[in-house]
Protein chains: 2
Amino acid sequence: MRGSLVESRHRGAVAVVDAERATVLAVGDVTAPVFPRSAVKALQALLLVEEGAADRFGFGDEELALACASHSGEPAHVVGVERMLAKIGLDPSALRCGVHWPISQAAAAAVARTGAPSALHNNCSGKHAGFLCLACAMDVDRADYWRPDHPVQRHVRAVIEDFTGAVLAQDTCAIDGCSVPTWAVPLKNLAGGFAKFGSGHGLTPARAKAVARLRRACAEKPWFVAGTGRFCTEIMQLFGQRVFVKTGAEGVYCGALPELGLGIALKCDDGAARAAQAIMAAVIARFLLLDDATRAALEPYIHPSLHNWNGIEVGAIRVTDVLE
Amino acid sequence: MRGSLVESRHRGAVAVVDAERATVLAVGDVTAPVFPRSAVKALQALLLVEEGAADRFGFGDEELALACASHSGEPAHVVGVERMLAKIGLDPSALRCGVHWPISQAAAAAVARTGAPSALHNNCSGKHAGFLCLACAMDVDRADYWRPDHPVQRHVRAVIEDFTGAVLAQDTCAIDGCSVPTWAVPLKNLAGGFAKFGSGHGLTPARAKAVARLRRACAEKPWFVAGTGRFCTEIMQLFGQRVFVKTGAEGVYCGALPELGLGIALKCDDGAARAAQAIMAAVIARFLLLDDATRAALEPYIHPSLHNWNGIEVGAIRVTDVLE
């Protein structure tokens, strides 16, 4: 909304599924393949824990949260990823994610003052450091860890297949912004996968233990999953272990509501993050039993106000009745 | 597209109209009100020329292009706007557009190295300097030039009504990012307005002369209308006076094809600039007679390739058959 009129409209689809893969809510087409992008980073990080690499290298909650993160490139993110690499004797030159300016405007300005960004500032650098640690633990090649046919990516693919029940085939594979493969998966499968991630239901004991540890790490250190002022960070700060949520590029979110055994996956058709966030907040509010204070704290994410460069309120984002 | 699959979809509407207000092309709903935002900056700058302020203050093509601009905050943009203000004895503190970091990443990094952005870096600072110059020429208050009831904005409203044939009423008025009023106008009216802007048809001689001068200024100095690597700049560099094009926030473009007497207005429903640009390029290609070299030069704007942080081609933007 701008003033009293609708200025722009976003469409999308949402699936909420339980750990038995029963659909609890389906809005829009939840069977079409969707590239989850960074929304499945927690699944991409799973083997780091399950295969024992996290223990071997002494990773705590910060390192595990960074492995699941699309971080803002703020100083403590960069230091954390550098520390992960140092534990396997590598430096940032081993990262193959490419370089971009920090998502955080303040961090970008600080980087500009003293130099230029590096691969450490790439929002995916923690995931890539995790892949390198896994490659190291698996004792396989560490140069091509990002390629679809590398053992690391083949094992990651098998994990995503196990969680989602989808077949990740060549015809649904594309290249992500950080060069690793991304496979398109229907939202209902992604939601089912995150129901398992949230509940551990139907997983092997080792896998269930690993997801619990990743969920706890993200709930304990949500700032490391995204950063200052970011949706994933603020929602997990608000809810702790009650909500896991992770954004992906092009308007995707995956999430879990462990106490209800539900997984959530959504995609805004046009790729807009602002709409995807409001949808995710509305879905959380629809399913979780909330006290008044928590509901009030969640409200600004469902119905954000928009302010201009002078701080004047110029409009708002609204979700439609279908979600409320 | 990402790989071989559609990743995200944008919808929108396009109107192409002649100076008699006859519709030549209508795709989608061209009668619903749309906030044109910065796409009508050339109409907002018209009185600066028509009322003699541009002559009185010795403005050349650069200053006039800046008055029509959503500039990237690069050094020469900032210098140009400061020069406009100096000609009326004001400094940047007179600007009421608010402050944001330069659109240009390189300019933002350079600003960060030495200080912080000012209102001069706001993409609308040239328009605001133009309003101040008009207020000065009209000898009216210069503090509240941005308010809807100020003489400057009331006169600007009358200009937009004259061009578009739409009534700009209170119920379609909202506040723009830079705090000036923005009125929602149907795309067919906006397109008709830009047919007049491109051809001068149906305008008073003074007004027709003023639009010709603004068009020439933008064609001569397109870098000042946007900036390095920007769509408006590159398209007007390619076409000179054959195409006028101007972006507005939330996926809007207005444009003119003077040799055909046509105006163009389009809106991507979800506000995405990437789609709006491809639509505008496709519409230009559909209507203008182009030699092979020009058609080849336009092609990358209709079908852009997408590359990731490592420079790997990961996808493409495509317009649908309805535009081709």
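The values are calculated or read from the model by the stated rules, or taken from the named source; none is laboratory data. Owing to the predicted nature of the structure, the values given are computational and were not obtained by experimental measurement. Note that each Cβ is placed from the backbone with ideal geometry, even for glycine, and that neighbours are counted across all protein chains shown. Keep in mind that these areas ignore ligands, DNA and RNA; they rest on the heavy atoms of the full protein, side chains included. Shrake-Rupley method; radii C 1.70, N 1.55, O 1.52, S 1.80 Å.
How large a share of the accessible area of the protein assembly as shown, in percent, is made up of carbon and sulfur atoms when the probe is 1.4 Å and the other protein chains stay in place? Can you show the working numbers first?
Numbers: 12270 of 23850 Å².
Here it works out to 51 percent.
7 Å along Cα→Cβ for the label point: how many nanometres lie between B:E299 and each equivalent label in the other copies, listed shortest first?
Going from nearest to farthest copy, the values are 5.6 nm.
If pairing requires two Cys Cβ atoms under 4.7 Å apart, which cysteines of chain A are left without a partner?
So, A:C68, A:C133, A:C136, A:C173, A:C218, A:C232, A:C254, A:C268.
Please work out the FRET efficiency for the pair B:T23 and A:D144, using the Cβ-Cβ distance as r and a Förster radius of 56 Å; give the result to the nearest 0.05.
On the way: r = 56 Å, r/R0 = 1.00.
With R0 = 56 Å, the Cβ-Cβ based efficiency is 0.50.
For the protein assembly as shown, count all C-alpha to C-alpha pairs, find those more than 42 Å apart, and express that count as a whole percent of the total.
Values: 62194 of 209628 pairs.
It works out to 30 percent of all Cα pairs.
What figure in square angstrom, to the nearest 10, would you give for the accessible area of A:R9 with a 1.4 Å probe?
150
Using only the heavy atoms of the protein chains and a 1.4 Å probe, how would B:R37, A:R230, A:R113 rank by accessible area, largest first? Walk me through the numbers on the way to the answer.
Numbers: B:R37 20, A:R230 50, A:R113 125 Å².
I get A:R113, A:R230, B:R37, largest accessible area first.
Once the label point is set 7 Å along the Cα-to-beta-carbon vector, what list of distances in nm do you get between A:G311 and its counterparts in the other copies?
Ordered by distance, the counterparts are at 4.5 nm.
Given springs between every Cα pair under 10 Å in a Gaussian network model of chain A, which of A:M138, A:M84, A:M236 has the largest fluctuation?
Highest fluctuation among the options: A:M138.
Just the number, please: Stokes-Einstein D of region A:117-202 in µm²/s, Kirkwood Rh from C-alpha pairs, 37 °C, 0.692 mPa s. List each step's numbers first, then the result.
Numbers: Rh = 14.0 Å.
Estimated via Stokes-Einstein, D reaches 234 µm²/s.
What's the whole-number percent of alpha carbon pairs in chain B lying beyond 33 angstrom? Please report the intermediate quantities before stating the final value.
On the way: 11186 of 52326 pairs.
Taking all Cα-Cα pairs of chain B, the fraction more than 33 Å apart is 21 percent.
Using +1 at the Cβ of each Lys and Arg and -1 at the Cβ of each Asp and Glu in region B:1-102, identify which of B:A42, B:V81, B:L25 lies farthest towards the dipole's positive end.
Of the listed residues, the answer is B:L25.
So if I take the centroid of the Cα atoms in region B:1-64 and the same for region B:267-287, what is the distance between those two points in Å?
Answer, in whole Å: 11.
Distances from B:V24 to the same residue in each other copy, label points 7 Å out along Cα→Cβ, in nm, shortest first?
The projected label point of B:V24 is separated from its counterparts by 5.5 nm.
What three numbers, in Å, describe the spread of the alpha carbons of region B:1-58 along their principal axes, ordered from the longest?
Taking the Cα atoms of region B:1-58, the three principal extents are 57, 31, 18 Å.
Could you work out which residue, out of B:R213, B:R295, B:R242, moves most in a Gaussian network model of chain B, that is, has the largest mean-square fluctuation with Cα springs under 10 Å?
Greatest mean-square fluctuation among the candidates belongs to B:R295.
Using every pair of alpha-carbon atoms in region B:10-139, split the distances into 10 Å bins beginning at 0 and state the percent of pairs per bin, rounded to integers.
12, 36, 26, 20, 5, 0
On a 1.4 Å probe surface of the protein chains, which of B:I284, A:I279 comes out largest in accessible area, and what is the full order? Write out the running numbers ahead of the final one.
On the way: B:I284 0, A:I279 20 Å².
Sorted descending by solvent-accessible area, the residues read A:I279, B:I284.
Cα atoms only, region B:221-324: Rg and Dmax in Å?
Cα only, region B:221-324: 13.5, 44 Å (Rg, Dmax).
Which of the lysines could be linked to A:K246 by a straight reach, that is with a Cα gap under 27 Å, when you skip same-chain ones fewer than 8 residues away?
Here the lysines satisfying the reach criterion relative to A:K246 are A:K41, A:K87, A:K127, A:K188, A:K196, A:K209, A:K221, A:K267.
With a 1.4 Å probe and every protein chain left in place, tell me how much accessible area B:W183 has, in Å² to the nearest 10.
Near enough 20 Å² of accessible area.
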